[in-house]
1. Please work out how much length the chain gains when fully extended from residue 75 to residue 41, using 0.36 nm per residue of separation minus the C-alpha to C-alpha distance, in nm with one decimal.
2. For the chain, what does the accessible surface come to per residue with a 1.4 Å probe? Please give it in Å².
3. No other cysteine beta carbon under 4.7 Å away is the test; run it over the chain and list who passes.
4. What translational diffusion coefficient, in µm²/s and rounded to a whole number, does the Stokes-Einstein relation yield for region 41-82 at 25 °C and a viscosity of 0.890 mPa s, taking the hydrodynamic radius as the Kirkwood radius over Cα pairs?
5. Contact order normalised by length for region 1-68, with contacts defined as Cα pairs under 8 Å and 6 or more residues apart; what percent is it?
6. Over the alpha-carbon set of the chain, work out the extent along each principal axis and list the three values in angstrom, largest first.
Amino acid sequence: MTTPPAHDPACIFCRIIRGELPSRRVYEDDDLFAFHDIHPIAPVHFMIAPKLHVESLAQCGPAQAPLLGKMLAKAGELASGQGLADGFRTIINTGRGGGQEVYHLHIHIVGGPRPLGAMLPRQA
Ligand code: AMP
Ligand code: ZN
């Protein structure tokens, strides 16, 4: 397997992470970048992406485990910071069959009153 590029100049998320395109940033550290989705599907909808260009979960293996862990481990703290102390959904779309639109790995964090509407169990 060839080593993926650290950054792909044709990738829209790489360009956002490098500040070449605007975004509404939620969080940034050495490895991660989180920003609001431009087409939110719920009152709160942001994404956590690695700074490294990794296409999708399908390209991940044991070598990416620490990075994947870091992405998930940050979700609760960032969601709370966005007002989602009550809970949130995490979504990772993978590949064509998974409806992935942007081929730079990311976790969607979705929440707010009735996120995703009918997909959630009915409230009592
Ligand atoms: P996915 O289907 O998981 O690949 O989701 C990609 C997401 O990126 C979609 O929800 C888009 O609305 C979002 N998106 C695309 N371009 C931008 C952008 N320039 N800034 C923020 N979000 C974006
Ligand atoms: Zn990228």
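1. On the way: separation 34, 0.36 × 34 = 12.24 nm, distance 1.76 nm.
Going from the current span to full extension adds 10.5 nm.
2. Working: 7470 Å² over 124 residues.
Computed with neighbouring chains in place, this is 60 Å² per residue.
3. 60
4. Using the Kirkwood radius from Cα pairs, D works out to 210 µm²/s.
5. 28 percent
6. 52, 29, 25
The values are calculated or read from the model by the stated rules, or taken from the named source; none is laboratory data. Note that the structure is a prediction, hence the values are computed from the model and not measured. We place every Cβ from the backbone using ideal geometry, glycine too, and count neighbours over all the protein chains shown. Please note that ligands, DNA and RNA were not included when accessible areas were found on the heavy atoms of the full protein model with its side chains. Shrake-Rupley method; radii C 1.70, N 1.55, O 1.52, S 1.80 Å.
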